2 protein chains.
Amino acid sequence: MTTRSSTDPTRVIPEATVARLPVYLRALTALADSGIRTCSSEDLATAAGVNSAKLRKDLSYLGSYGTRGVGYDVDYLRYQIAREIGVTQDWPVVIVGIGNLGHALANYSGFRSRGFRVVALLDADPGLIGQTVAGVAVRPFDELEAIVQEHDVAIGVIATPALAAQGVADRMVAIGITSILNFAPAVLAVPEGVDVRKVDLSIELQILAYHEQRKANGAGAAAAAAADGGAA
Amino acid sequence: MTTRSSTDPTRVIPEATVARLPVYLRALTALADSGIRTCSSEDLATAAGVNSAKLRKDLSYLGSYGTRGVGYDVDYLRYQIAREIGVTQDWPVVIVGIGNLGHALANYSGFRSRGFRVVALLDADPGLIGQTVAGVAVRPFDELEAIVQEHDVAIGVIATPALAAQGVADRMVAIGITSILNFAPAVLAVPEGVDVRKVDLSIELQILAYHEQRKANGAGAAAAAAADGGAA
DNA sequence: AGGAGTTTGTGAACGTGAGAACAAAATTGG
DNA sequence: CCAATTTTGTTCTCACGTTCACAAACTCCT
Ligand SMILES: NC(=O)c1ccc[n+]([C@@H]2O[C@H](COP(=O)([O-])OP(=O)(O)OC[C@H]3O[C@@H](n4cnc5c(N)ncnc54)[C@H](O)[C@@H]3O)[C@@H](O)[C@H]2O)c1
Ligand SMILES: NC(=O)c1ccc[n+]([C@@H]2O[C@H](COP(=O)([O-])OP(=O)(O)OC[C@H]3O[C@@H](n4cnc5c(N)ncnc54)[C@H](O)[C@@H]3O)[C@@H](O)[C@H]2O)c1
């Protein structure tokens, strides 16, 4: 039997839990902003849109930060989750591909407020170089190496067309970027040890379309089956 | 025992499989574009970035569309998946909130090419009304009802600030929209039978940050544990 | 026609995640 | 100080998802 304490850095937090921690963090921030100092697992679960048993189990992987009979101290729990995720420090981020989407991302204020700092905007199109978006200048893609080394960047965002994405990823990996957020509709091949997460609008829409089609077709027999594929 | 044939509309496709079908569809389109007529499960799995056993099991939920010893006919399989997802028909979509992100979405060509048609752009800001984005005029949010009824819209996209999102969702649900894609960092409450999918940039970055932190910390003891949280 | 080789479709084993249920630990009121 | 009440942390069970492994089914070559 191996028991792992909350200060043991080797303890493993399930991936499904990791994906929910940012949601809890946001919910706690909202509670704090509305002046609430303490909350029960039930309260927080409602705010985060999950089941309270699941919430408690998730939090138990981090440690024992609640008080039985009372609940959780909002600020304290928020700090503990932020520390666990690693957003008490600032993460430098580069964005590659400053087209429609890249512009929107560069303008997104939610970056800064959640522990991420855009240190550079890069594009291969000479026509864009020098332009300033949200106070950051667009620079040539070739400066990637210099920028990553200067700011010790570990996280890269790809917002180029799909065809360019693998090339950009290869270049990022070569200089030591180990986490990539990919908006291009392409499957990226990367070596072991590099994390890739993708955000794909059309996949999300197609998933919705699938369920939508079933709702429409199965109005008779499959109605029950369609409904439980259901909501939030 | 209940056996469900591929033509039985009540058969259930696991949610995890549904989420991968669009990826297969894209991979098949790429193969078709490069002139490939037939492919094995191994080929397609590589192109889609998944394990070939998983791919075969996923496809088996749709029916038996391959030929043993040969593989899959690219065009035929592509059509079958498209039909299953429901993207052989066009889905009308409305986008609400034409700010930074809404502009990018409206300009996104991947919508049209994958079976979705933007029938309206809506915003509450009078200053934006009348402006045209990608050939579609921005109209007042109040026209939502009329537009949804005219075009029989089932899918809505929310790209407003977080505070406005729940209100927009309520209004969408009230007129009969049953699928929502939400870009605002807010938990939406919707009735049973309405599907919500969320796309949240900062959650994705925070998940990357968590793994990044572990890679950095655990350089010694937790290296193995960190690595297997690892890559694609 | 028959055997060698290939590749699908699926049964079975394994691992991960969700939710119900409850004991343990705290508070509150008498 | 003790009993009643609240709420956490954890155990147990079930459902879902992944992967292996292989028989069945097909092609191709001789
Ligand atoms: N616009 C959206 O709402 C949206 C939504 C979902 C997905 N996407 C995807 O995001 C990506 C970007 O979309 P977009 O609408 O901004 O496209 P875009 O064409 O407007 O912008 C792409 C940018 O990438 C740059 N670029 C091209 N090759 C490059 C390279 N090798 N290195 C560096 N920069 C390079 C181009 O110069 C251009 O500025 C696409 O893959 C698209 O499919 C976009
Ligand atoms: N910009 C990004 O890259 C990005 C990334 C991730 C998430 N988001 C999220 O997406 C949302 C939009 O981001 P943005 O940068 O485009 O913001 P934005 O402020 O540029 O645009 C928001 C738009 O919504 C409109 N709006 C506000 N209330 C409305 C209402 N009740 N009905 C209809 N329209 C309304 C505003 O008029 C504005 O045009 C935000 O919730 C943001 O957190 C943005």
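The values are calculated or read from the model by the stated rules, or taken from the named source; none is laboratory data. All of these numbers come straight from a predicted model, not from anything done at the bench. For neighbour counting, all protein chains shown are included, and Cβ atoms are generated from backbone atoms with ideal geometry for every residue, glycine included.
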Practice task
Hey, can you tell me all the residues within the range B:6-45 that are within 16 Å of DNA strand D (Cβ to nearest atom), more than 10 Å from every other protein chain (Cβ to nearest Cβ) and at pLDDT below 95?
Solution key: B:6
Exercise for the section: Scan the range A:46-85 residue by residue and report those that are under 22 Å from residue A:15 (Cβ atoms), small (Gly, Ala, Ser) and within 10 Å of another protein chain (Cβ to nearest Cβ). Expected result: A:48, A:49, A:82
Practice task
Among the residues of the range A:14-44, count how many are touching a residue at least 60 places away in the same chain (Cβ under 8 Å) and within 16 Å of ligand 2 (Cβ to nearest atom).
Solution key: 2
Completion exercise
Exactly one of B:186, B:209, B:221 is assigned to a loop (DSSP other than H, G, I, E, B) and at pLDDT 95 or above, and that one is B:186
Handout entry: Where residue A:146 falls short, out of the listed (1) in a strand (DSSP E or B); (2) surrounded by fewer than 16 Cβ atoms within 10 Å (Cβ to Cβ); (3) among the hydrophobic types (A, V, I, L, M, F, W, C)
Key = (1)
Exercise for the section: Determine, yes or no, whether residue A:140 is over 18 Å from the mean Cα position of the chain (by Cα), in contact (Cβ under 8 Å) with a residue 60 or more places away in the chain and away from DNA strand C (no atom under 16 Å from the Cβ). Expected result: no
Problem - Residue under evaluation residue A:114, criteria (1) closer than 20 Å to residue A:86 by Cα; (2) surrounded by fewer than 17 Cβ atoms within 10 Å (Cβ to Cβ), criterion not met - result: (2)
Exercise for the section: Scan the range A:45-76 for residues that are touching a helix residue (DSSP H, G or I) at 6+ places or on another chain (Cβ under 6 Å), among the aliphatic types (A, V, I, L, M) and in contact (Cβ under 8 Å) with a residue 12 or more places away in the chain and jot them down. Expected result: A:47, A:48, A:55, A:62, A:74
Fill in the blank from the handout: Given (1) within 16 Å of residue A:209 (Cβ to Cβ); (2) away from ligand 1 (no atom under 16 Å from the Cβ), residue B:37 misses just (1)
Exercise for the section: Just one of (1) within 16 Å of DNA strand D (Cβ to nearest atom); (2) away from chain A (no Cβ under 14 Å) trips up residue B:146, so point out which. Expected result: (1)
Completion exercise
Residues of the range A:202-219 being buried (at least 21 other Cβ atoms within 10 Å of the Cβ) and more than 7 Å from chain B (Cβ to nearest Cβ), in sequence order, are A:214
Exercise for the section: Please identify the pairs in which a residue from the range A:86-108 that is closer than 24 Å to residue A:142 by Cβ and more than 7 Å from every other protein chain (Cβ to nearest Cβ) has its Cβ atom under 8 Å from the Cβ atom of a residue that is within 16 Å of DNA strand C (Cβ to nearest atom) and outside any loop (DSSP other than H, G, I, E, B), counting only partners at least 6 apart or on another chain. Expected result: none
Problem - Flag for residue B:37 being surrounded by fewer than 16 Cβ atoms within 10 Å (Cβ to Cβ), out of contact with any strand residue (DSSP E or B) (no Cβ under 8 Å at 6 or more places or on another chain) and among the charged types (D, E, K, R) - result: no
Practice task
Report, by residue number, each residue of the range A:41-62 that is within 21 Å of residue A:83 (Cα to Cα) and exposed (fewer than 15 other Cβ atoms within 10 Å of the Cβ).
Solution key: A:57, A:60
Problem - Matching residues, the range B:119-137, being over 18 Å from residue B:93 (Cβ atoms) and either in contact (Cβ under 8 Å) with a residue 60 or more places away in the chain or outside any loop (DSSP other than H, G, I, E, B) (or both) - result: B:126, B:127, B:128
Problem - Leading residue by the ranking (farthest from the other protein chains (Cβ to nearest Cβ)) among those in the range B:161-201 that are out of contact with any strand residue (DSSP E or B) (no Cβ under 6 Å at 6 or more places or on another chain) and among the β-branched types (Val, Ile, Thr) - result: B:175
